[in-house]
Every structure is written in C-alpha cells, then in structure tokens.
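*Asks:* Take a look at the following structure, please.
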Amino acid sequence: VQLQASGGGLVQAGGSLRLSCAASGSIFGVNTMAWYRQAPGRQRELVATITRAGSTNYADSVKGRFTISRDSAKNTVYLQMNSLKPEDTAVYYCRYFTNYDNYWGQGTQVTVSS
C-alpha cells in the first residue's frame, strides 16, 4: 500500500487547511485510516482516526476544530482543519492499517503563524 499525502502549507492562526491522503495498492475492506502529527522535539501523536464504516476518533486537542472524513471509493482520507493555532504546527502523517498491515505516508508540513 502506498500513501500520498498533500495539502499542507503556511496559514495564519484562525485559518483553515485541508489535508488529503490517497491510498493505492492492496486495499482491504476492513481498514482504518488516520492522521498523526509530529512537532519538532516531540513524539508523534494521534490526531484522528476513521474506520471503513465511518467511525471517528479525535485527540482532545483538536476536537471541535478538525474533521476527518474518507471517500472509500477513492481510498482517500481527508483532514479538514479549522481555527488553526500555532501549536498545530507539525508534520502531519497519514496512516493506513488493518489487523495485518500498517503503512505510513510521507509527511506534509503544516505551519501556523501567530
């Protein structure tokens, strides 16, 4: 499975960005896709997950501001990020995993200026 992430960039605090991650290859029906982020000097942390069935889970720090969604027909997961804060600055990574596989995409930089 290959994951191609896009959509990062520089935005002012309070602004919005939408990240996309397209999966290709051997995609199984039962899978979960997720977004993680890693800020300089910090460990990678979970941002949000979404199952094939559409169940979602969010980190407390992004609840109410970020929305994860997916287009299963396109094997693509999105992360709509609103009301961005400087502390959201990080490299964002998408992940695809099942009970048997685990894949990461390349990161996309999100920088929020104050």
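*Asks:* Here are Lys74, Lys63: which of them is modelled with pLDDT of 95 or more and not in a strand (DSSP E or B)?
*Replies:* Lys63
*Asks:* Here's a follow-up. For Leu84, are the conditions met, namely being aliphatic (A, V, I, L, M) and assigned to a strand (DSSP E or B)?
*Replies:* Taking the combined requirement at face value, the residue does not satisfy it.
*Asks:* Let me confirm something: among Arg42, Arg37, Arg18, which residue is open to solvent by 60 Å² or more (accessible area, probe 1.4 Å), of a type outside the set (S, T, N, Q) and either in contact with a Cys (Cβ under 8 Å, 6 or more places away or on another chain) or not in a loop (DSSP other than H, G, I, E, B) (or both)?
*Replies:* Just a single option satisfies the conditions, and that option is Arg18.
*Asks:* Give the residue that is nearest to the chain's Cα centre (by Cα), with candidates limited to residues of region 5-25 that are over 25 Å from Lys85 (Cα atoms) and touching a residue at least 40 places away in the same chain (Cβ under 8 Å).
*Replies:* Among them, the one singled out is Ala22.
*Asks:* Suppose the filter is open to solvent by less than 30 Å² (accessible area, probe 1.4 Å) and either out of contact with any Cys (no Cβ under 9 Å at 6 or more places or on another chain) or in contact (Cβ under 8 Å) with a residue 40 or more places away in the chain (or both); does Leu84 pass it?
*Replies:* For Leu84, the condition - open to solvent by less than 30 Å² (accessible area, probe 1.4 Å) and either out of contact with any Cys (no Cβ under 9 Å at 6 or more places or on another chain) or in contact (Cβ under 8 Å) with a residue 40 or more places away in the chain (or both) - is met.
*Asks:* A further question on this structure: Looking at Ala23, Ala5, Ala48, Ala13, which is the one that is of a type in the set (Gly, Ala, Ser) and open to solvent by 40 Å² or more (accessible area, probe 1.4 Å)?
*Replies:* Ala13
*Asks:* Which of (1) touching a strand residue (DSSP E or B) at 6+ places or on another chain (Cβ under 6 Å); (2) open to solvent by 50 Å² or more (accessible area, probe 1.4 Å); (3) of a type in the set (Ser, Thr, Tyr) is the odd one out, the single condition Ser61 does not satisfy?
*Replies:* Every condition holds for Ser61 apart from (1).
*Asks:* Would you please list the contacts, defined by Cβ atoms under 6 Å and residues six or more apart or on different chains, that run from a residue in region 50-72 that is touching a residue at least 24 places away in the same chain (Cβ under 8 Å) to a residue that is polar (S, T, N, Q)?
*Replies:* As it stands, the answer is Ile50/Thr56; Ile68/Thr56, since those pairs meet every condition given.
*Asks:* Let me ask another. Can you go through Val112, Val91 and tell me which one is surrounded by 11 or more Cβ atoms within 10 Å (Cβ to Cβ), in contact with an Asp or Glu (Cβ under 7 Å, 6 or more places away or on another chain) and either outside any loop (DSSP other than H, G, I, E, B) or not charged (D, E, K, R) (or both)?
*Replies:* Just a single option satisfies the conditions, and that option is Val112.
The values are calculated or read from the model by the stated rules, or taken from the named source; none is laboratory data. Every value quoted in this text rests on a predicted model; they were computed, and no experiment measured them. For neighbour counting, all protein chains shown are included, and Cβ atoms are generated from backbone atoms with ideal geometry for every residue, glycine included. Surface areas here come from the heavy atoms of the whole protein model, side chains and all, with no ligands, DNA or RNA. Shrake-Rupley method; radii C 1.70, N 1.55, O 1.52, S 1.80 Å.
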